[in-house]
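Worksheet: one structure, shown below.
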Amino acid sequence: MLEELTIKDFALIESDYLEFKRGFTVLSGETGAGKSILIGALSFLLGGKAEVTQIRNGKNEASVSGVFFLQPPSAPVSIKEDEEPSNAYEWLYFHGITLENNRVLLRRFIRDSGKSGAWINDTPVTRTDLAQFSSFLVDIHGQHEHQSLMKVSEHRKFLDGRAGILSEVDEFKKRYALLVFKRNQFNEYSMSESERLRKLDMMTFAVQEISEANIKPNEDKILEDEEGRLLSFEKIYSEVEQINEMLSSSEMSIVPLLKKVRRESSVVVEMDKSVSALDERIESAFYELSDISDEFLSYKNKLVFDPSRLSEVQERLSVINNLKKKYASSVNAPLSEVIDFLSSAKQYVEENSDGNNKRDVLATEIRQLEHEILQRANILSEKRKAAAIKLNVEVDQILSKLGMNGTHFEVSITEKNGSEVEQICGPYGKDNIEFLISANPGNPLLPLAKIASGGELSRVMLALKTIFAQSDSVDTLIFDEIDTGIGGEVAVAVGSHMKSLAKNRQIFCITHLASIAVYADNQIKIEKAVSGGITSSNVHEVCGNERIQEIARMLSGDSDTEQSLIHARSMLEKFSGGF
């Protein structure tokens, strides 16, 4: 749930801080007041496009931040490296980001130079990361992004949630992954016996050769550094000798001269205490350089050229480079590639020592898994088809109430192509699932993405979200253009559905219809103002008499007439239970 939103120099908004509550919140205001700017700022925060044109005129940076409350998980959070996060807590756990009091802070900025940045709590993240994480927090429906129901890949998840088979699908996915692993193993054994034995011999030799070399991580780099020192012995000795000469070998060297300076400085201090700080710095410099001089002298005395050690180093590097040529991508590759090859070679030798016996065992296991998976896939498919029939009717009924009488919704379930189980089944079963819709009687069923009208699209989203509310984990829904082309009883029905959906979710809706706004638990007004020739959009919550006036304005365009105010008050009392 979105609790706080701070906007600074974004489009027409100079500076706004808003606190939000759970339930149904409407955003209202005159046409052109900047209602969509507020949604745009939120979309920017959630990973939408960052453009220099979003910066307020005359400013060099726009920023948006938001605090979200996450419902505590019902069980301890854990996720494996090869799994995809299925909720916000898993995503944070996977990326090593911790929460405080179940709250997370998102921040993002864009500068006039084009540079942008984003953070989740104190962790910098990419735009892709931000968008992925925020998709678990907010859905924006209308002209903006975050339209999860527009992704065909998400349709299967929604239908499975409605069918109550999410846990069964997860188990199916694990069994399918095991089948894929077994098939890959079997393919290794499907080569000819001579080829298998040839590869086994090669891997056995590699294990022996690499193991006997007894290489250590980064040994090549350590040896290369030592070789460089030994080859450059004469140059190093000459340079160090010159350093020692300049530091301390004669009365005109740095350390003796600095000693004299220190002596003279102490005399000056006795006469003028104001230079005591300088005297202390000279003393510090003297001791530091004296210490450096001693260490360089010690280093020079230890310098010994050892031809036999150079020969040993070069011979060892030759062995390592020969292993790289054989078992790494190139002689310049990191030594870790050879170590990794040793590990994989050991595994191959261990797995292939049994020969065809292992192949026969795998073949039996694969047949059993294929039979089991096909049975499971058939069961999942039947449950999906049963749930789809009910869903078709439920969506059509809601769309009819929302002013889309004659619109027909249908879940398309088709079988994957292929004649073998490995072709028929995928990680989630044997079904291709997509939501289709016919906007008018007699029109063909088309994918949801083909719906042109933003208002129609938003109402389809509203119908689906109303049905999927119990299985959808996204806590905050935002509807833009929900009231395009509707009014009267249809608008009342839209408001009623919003109210119902907000019982378990945080709902935001941009609307110009009073018959929708009066159902809201909270109302925010966006106003445009001009000061000093500069236009700004101001955002604030309205309640009490101010909300009555805003509803009256939405009813008749006039917030001052007694008739409009009475009508507004009565609608709020009837549909909102107060104001």
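Any residue that is part of a strand (DSSP E or B) and either among the small types (Gly, Ala, Ser) or touching a residue at least 24 places away in the same chain (Cβ under 8 Å) (or both) - is there at least one of those in region 28-42? Step through it out loud before you land on a result.
Taking region 28-42 and keeping what is part of a strand (DSSP E or B), we get 28.
So of that shortlist, the ones also either among the small types (Gly, Ala, Ser) or touching a residue at least 24 places away in the same chain (Cβ under 8 Å) (or both) come out as 28.
Yes, the conditions are met somewhere in region 28-42.
Only a single item in (1) open to solvent by 50 Å² or more (accessible area, probe 1.4 Å); (2) small (Gly, Ala, Ser); (3) touching a helix residue (DSSP H, G or I) at 6+ places or on another chain (Cβ under 6 Å) is not met by residue 276, and it is number (1).
Exactly one residue among 552, 514, 520 is touching a Leu at 6+ places or on another chain (Cβ under 6 Å), open to solvent by less than 30 Å² (accessible area, probe 1.4 Å) and within 28 Å of residue 466 (Cβ to Cβ), and that residue is 514.
Residues that are modelled with pLDDT of 85 or more and farther than 22 Å from residue 464 by Cα: does region 527-537 have at least one? Yes, that holds for at least one residue. Is it true that some residue in region 132-139 is modelled with pLDDT of 90 or more, open to solvent by 60 Å² or more (accessible area, probe 1.4 Å) and either part of a helix (DSSP H, G or I) or in contact with a helix residue (DSSP H, G or I) (Cβ under 7 Å, 6 or more places away or on another chain) (or both)? Yes; the residues of region 132-139 include at least one that is modelled with pLDDT of 90 or more, open to solvent by 60 Å² or more (accessible area, probe 1.4 Å) and either part of a helix (DSSP H, G or I) or in contact with a helix residue (DSSP H, G or I) (Cβ under 7 Å, 6 or more places away or on another chain) (or both). Between 329, 318, the distinction of being out of contact with any helix residue (DSSP H, G or I) (no Cβ under 8 Å at 6 or more places or on another chain), of a type in the set (Ser, Thr, Tyr) and either outside any helix (DSSP H, G or I) or surrounded by fewer than 15 Cβ atoms within 10 Å (Cβ to Cβ) (or both) belongs to 318 only.
Considering the conditions (1) under 25 Å from residue 174 (Cβ atoms); (2) over 38 Å from the mean Cα position of the chain (by Cα), residue 352 is excluded by exactly one of them, (1). Only a single criterion out of (1) closer than 26 Å to residue 21 by Cα; (2) hydroxyl-bearing (Ser, Thr, Tyr); (3) modelled with pLDDT under 90 is not satisfied by residue 476, namely (3).
If you go through region 67-94 and pick out every residue that is of a type in the set (D, E, K, R), open to solvent by 80 Å² or more (accessible area, probe 1.4 Å) and closer than 16 Å to residue 133 by Cα, you end up with 1. I'd like to verify a number: residues in region 46-57 that are hydrophobic (A, V, I, L, M, F, W, C) and under 14 Å from residue 139 (Cβ atoms), how many? Residues in region 46-57 being hydrophobic (A, V, I, L, M, F, W, C) and under 14 Å from residue 139 (Cβ atoms): 1 in total.
So for region 254-263 (the condition being surrounded by 14 or more Cβ atoms within 10 Å (Cβ to Cβ) and within 19 Å of residue 299 (Cα to Cα)), does at least one residue qualify? Yes: region 254-263 contains one or more residues that are surrounded by 14 or more Cβ atoms within 10 Å (Cβ to Cβ) and within 19 Å of residue 299 (Cα to Cα). When 6, 25 are checked against the criterion of being closer than 15 Å to residue 478 by Cα, over 21 Å from the mean Cα position of the chain (by Cα) and among the hydroxyl-bearing types (Ser, Thr, Tyr), 25 stands alone in meeting it.
Entry remark, region 332-348: residues being buried (at least 16 other Cβ atoms within 10 Å of the Cβ) and part of a helix (DSSP H, G or I) number 7 in total. If the condition is being over 17 Å from residue 296 (Cβ atoms) and open to solvent by less than 70 Å² (accessible area, probe 1.4 Å), then region 212-253 contributes 213, 215, 219, 220, 223, 226, 227, 228, 230.
Is it the case that region 382-404 has a residue that's within 25 Å of residue 196 (Cβ to Cβ), under 38 Å from the mean Cα position of the chain (by Cα) and open to solvent by less than 30 Å² (accessible area, probe 1.4 Å)? Walk me through it before giving the result.
Here is the first cut: in region 382-404, the residues within 25 Å of residue 196 (Cβ to Cβ) are none.
Within region 382-404, none of the residues are within 25 Å of residue 196 (Cβ to Cβ), under 38 Å from the mean Cα position of the chain (by Cα) and open to solvent by less than 30 Å² (accessible area, probe 1.4 Å).
The values are calculated or read from the model by the stated rules, or taken from the named source; none is laboratory data. What you are looking at is a predicted structure, and each value in this text was computed from that prediction instead of being measured. Note that we place each Cβ from the backbone using ideal geometry, even for glycine, and neighbour counts take in every protein chain shown. Ligands, DNA and RNA are excluded from the accessible area calculation, which covers all protein heavy atoms including side chains. Shrake-Rupley method; radii C 1.70, N 1.55, O 1.52, S 1.80 Å.
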